[in-house]
Number of protein chains: 2
Amino acid sequence: MQAEIITIGDEILIGQVVDTNSAWMAQQLNLAGIEVHQITSVHDDREHILNALNEAEQRADVILITGGLGPTKDDITKNVLCEYFDTSLVFHQPTFDTIQKMWFNKKGIPVNDLNQRQAMVPESCRVIPNQTGTAPGMWFEKNDKIFVSMPGVPFEMTAMMDSEILPRLKATGKTIHILHKTILTQGIGESMLAERLSAWENSLPSTVKMAYLPSPMGLRLRLSISGNDNEKMQSELDTALNGLLPLISDCRYGFDDETLAQSAGKLLLQRSCTLSVAESCTGGNISHLITLTPGSSKWFTGGVTAYANSVKTAVLKVNSDTLEKYGAVSSQTAVEMAEGVRKLLNTDYSVATTGIAGPDGGSAEKPVGTIWICIAGPTKFICEKFVFGNDRERFIQRSSQTALHMLRKFILNN
Amino acid sequence: MQAEIITIGDEILIGQVVDTNSAWMAQQLNLAGIEVHQITSVHDDREHILNALNEAEQRADVILITGGLGPTKDDITKNVLCEYFDTSLVFHQPTFDTIQKMWFNKKGIPVNDLNQRQAMVPESCRVIPNQTGTAPGMWFEKNDKIFVSMPGVPFEMTAMMDSEILPRLKATGKTIHILHKTILTQGIGESMLAERLSAWENSLPSTVKMAYLPSPMGLRLRLSISGNDNEKMQSELDTALNGLLPLISDCRYGFDDETLAQSAGKLLLQRSCTLSVAESCTGGNISHLITLTPGSSKWFTGGVTAYANSVKTAVLKVNSDTLEKYGAVSSQTAVEMAEGVRKLLNTDYSVATTGIAGPDGGSAEKPVGTIWICIAGPTKFICEKFVFGNDRERFIQRSSQTALHMLRKFILNN
């Protein structure tokens, strides 16, 4: 069973709204074993909508439509649907009752003409009740194809999908199973990894697909398999995964939606250990990434953003001779910052960063993008230099991710 | 001039990635006076890509394609483009030099076969250099239509659009002239502001359009005017702006791409003043937002992330009696944190936050989402309570923006 998604509405085409609905729907459809073939965003325009419906019908078995059903816009979408399915609008009492309950009983607002019009639905559709809003969903069948029109308001759409649309689609018995596994890596480029994995990739059975997904947070690898025999699929996926993991033990840190901070935090929690950070060039971002994680207060004590040298000496107790002799961007300063914050906040581990985020402050010897990262633990420390380019925001992100990845490996090895 | 956007890549169609590229491109194209007619997401599949190109060519003048250009084997876009434009791949020395510079010279990693393949480009295209990655962009012209293929990595795509694609599209002379002014506000909702501005909005000449653009960083207002007479357009836009600004003096902080941290930093720099921060529930994010700003080291001294109470007492010198009597989430603790960090880092101003980001830790009296924010200056301080809901990430963003907005107003008034 193949699906297509059509989103109707000018707000997406002028870039005012990011289309998060389609990503959510695609995820749910894939989990339900329905492949999404195409996503199309069109204007609130009769001819454009008719064309999109017609083209989608040629390619897919299920066409899910969102948007264009608000009280000011619904005339056009509903009338276009009537035209496409050769039917006409009729009054639908249960929808009217819902609207009345929602507006009049709850908010004391009398039902107006616009609301009345929302209770008109195409005669040939099955009405899908809207539990959280006024515009109902509409389910059409034509030439063995299914069309569903839903409101574009995210929580109305997701409630309708969960309660009615997905169960009905699964009940057709035409869906296949797809299994995915995403493996998260850090500190390695796409082409280097692809070269390393090429023999393993060539040995994969044709049923298993592999994709490289780069992002500012690191490179993700996705294994996918589809079929009917769930047990066999899971076993083939496990075999592929077991072949892959040993090849990337130096750069992988987790699966699916896990973040590096979560991954490092899990290790700290297992060991009942605590962490502090001392950030110069990353300016608080490592601390921010850590504290985005719910429950991080169990293992993260706090940190110091030591932007000015005076903070490095006065608060972190970095020796002013060290700053003078080696400079703020040096391994010596990084180590003293890490040791300083570990003592100050009395934690087991610490992370320290000092570098040049740019655009100014670089030199021939220490160009913009240079950073020293130090990880300190109860009995040893590690300190490493990187050069991460001259885009300030990317430098901060890459430095932060690298530091968290170093921390994770350091805890595992010590 | 009408444009269409085609995104290539399975990751969007399985819902693993939200398509933020298209929204950004649509925004930029609209700002440049190019209307986006349709957005289409297709698979990494030869026939599917060919069909999408063919259909888009029937409808639009410019077709912008993103994705499918990575060095690994799931990326087939280049070969499909050769087929569509009836050309073949040739070796492109400048692209190879860029790749070599990026990989070998900077990172000491030898260029491999995959990198070599990235230097192969369709013979009939104009190569658009990639300043931030290895895969070049490609500009094709066919039957008076323009096709541009770009990498799907957001920062590579945006850099290419800004530096080459948008200027070239404008240079065709086929775009209409649009002037925009974006006004940035913080701390006010869309419906409240719309009500306040309705009389002014009704008095706008029909040539001037106004849009409300909500975002997690605050509500932006965009004034737009299109036409041919630049001087007249500018004058009408100025008149509209002069009517608007006095109506929103309490909530506006800047224009266009300015951030709240930049806006506050400008004021501090003018006054030769310095700033420090003490963050509990915002966990380093205020420090991060500040240090994203180039040159912030001129006015930002540093900060303390006081996640554990022990850091509040030991480093910031918050009285342990205060914590015991009023709790960590209290005005008393916020004030002592702000005063503590101001003294510790010896700055003119300071910002402090203490609250409950959730999901745990709330109570009937202090529910999840509660936050106290204190701004302290040389001779006075201000402390205010907010309740910002129970989504952890949104809570952190809203709290941070609110704190920076309070800081900006405090500096202006003191």
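The values are calculated or read from the model by the stated rules, or taken from the named source; none is laboratory data. Everything quoted here is computed from the prediction, not taken from an experiment. Cβ: placed from backbone, ideal geometry, glycine included. Neighbour counts: every protein chain shown. Only protein heavy atoms, including side chains, enter the accessible area calculation; ligands, DNA and RNA are left aside. Shrake-Rupley method; radii C 1.70, N 1.55, O 1.52, S 1.80 Å.
Some values worked out for this structure:
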| item | result |
| --- | --- |
| Relative intensity, log₁₀ I(q)/I(0), of the stretch B:154-207 from a Debye sum that treats every alpha carbon as a point, q = 0.15 Å⁻¹ | -0.76 |
| FRET efficiency for B:Glu258 and A:Ser320, using Cβ-Cβ distance with R0 set to 22 Å, rounded to 0.05 | 0.05 |
| Under 16 Å from A:Lys385, Cα to Cα: aspartates and glutamates that are on another chain or at least 8 residues apart | A:Glu279, A:Glu336, A:Glu365 |
| Amide H contacts under 5 Å for B:Thr274, placed H, 5+ residues apart | B:Asp348, B:Tyr349 |
| Fraction of beta bridges assigned by DSSP in the protein assembly as shown that are antiparallel (%, nearest 5) | 60 percent |
| Inter-label distance, nm, simple model (7 Å from Cα along the C-beta direction), B:His177/B:Lys298 | 3.5 nm |
| The stretch A:288-330: C-alpha gyration tensor shape, a/c 1.5 cut-off, then a/b vs b/c | prolate |
| Tensor-based shape of the stretch B:16-59 (alpha-carbon gyration tensor, a/c under 1.5 rounded, otherwise prolate or oblate) | oblate |
| Per residue Cα convex hull volume in Å³ - calculated over the stretch A:1-93 | 116 Å³ |
| Chain B, Cα convex hull volume normalised per residue, Å³ | 188 Å³ |
| Averaged over A:191-203, number of beta-carbon atoms from partner chains that fall within 10 Å | 4 |
| Of A:Lys366/B:Lys298; B:Lys209/B:Lys232; B:Lys181/B:Lys266; B:Lys78/B:Lys170; A:Lys266/B:Lys366; B:Lys209/B:Lys409, pairs whose Cα-Cα distance is over 23 Å | B:Lys78/B:Lys170; A:Lys266/B:Lys366; B:Lys209/B:Lys409 |
| Accessible surface, the stretch A:247-308, averaged per residue in Å² (probe 1.4 Å) | 31 Å² |
| Most to least packed among A:90-99, A:296-305, A:131-140 [average Cβ atoms within 10 Å] | A:296-305, A:131-140, A:90-99 |
| Whole-number Å³ per residue for the convex hull built on Cα positions in the stretch A:330-380 | 70 Å³ |
| Difference of contour (0.36 nm per residue) and Cα-Cα distance, A:Gln116 to A:Asp144 | 6.9 nm |
| Peptide A:41-47, shielding by other chains (average Cβ, 10 Å cutoff) | 3 |
| Using distinct alpha-carbon pairs, which all enter the 1/r mean, Kirkwood radius of the stretch A:190-320 in Å | 18.0 Å |
| B:Phe155-A:Arg126 FRET efficiency (beta carbon distance; Förster radius 51 Å; 0.05 resolution) | 0.65 |
| Carbon/sulfur fraction of accessible area - the protein assembly as shown, other protein chains in place, 1.4 Å, % | 49 percent |
| DSSP bridge pairs, chain A: antiparallel proportion in percent, nearest 5 | 60 percent |
| Accessible area buried between chains A and B, both sides summed, probe 1.4 Å, in Å² to nearest 100 | 5800 Å² |
| Relative packing of A:354-362, A:380-388, B:189-197, which averages over residues the other C-beta atoms within 10 Å, highest first | A:354-362, A:380-388, B:189-197 |
| Amide N proximity, the stretch A:215-232 versus A:Lys170 label position 7 Å along Cα-to-Cβ, cut-off under 16 Å | A:230 |
| Residue mean of other protein chain beta carbons inside 10 Å, A:211-218 | 5 |
| Packing rank of B:80-86, B:123-129, where each peptide gets the mean count of other beta carbons within 10 Å, highest leading | B:80-86, B:123-129 |
| The protein assembly as shown - mean residue ellipticity at 222 nm from DSSP helices (-39,500 (n - 2.57) per run, n ≥ 4, rounded to 500) | -11500 deg cm²/dmol |
| Fluctuation leader among A:Val18, A:Val351, A:Val62 - chain A, Gaussian network, Cα springs under 10 angstrom | A:Val18 |
| Where only alpha carbons of the stretch A:272-360 are counted, the Rg and the Dmax (Å) | 12.9, 41 |
| Under 5 Å, built H, 5+ apart or other chain: amide partners of B:Val368 | B:Gly362, B:Ser363 |
| Descending semi-axes in Å of the stretch B:76-210, equivalent ellipsoid built from Cα gyration tensor | 42, 21, 12 |
| Amide H contacts of A:Gly33 (H built 1.01 Å from N, under 5 Å, at least 5 apart or other chain) | A:Ile178 |
| At least 50 Å² accessible surface lost relative to isolated chain, residues of the stretch A:378-408 (1.4 Å probe) | A:Arg392, A:Arg394 |
| Three-way shape label, the stretch A:210-280, alpha-carbon gyration tensor, a/c 1.5 | prolate |
| Fraction of alpha-carbon pairs over 49 Å apart in the protein assembly as shown - percent | 23 percent |
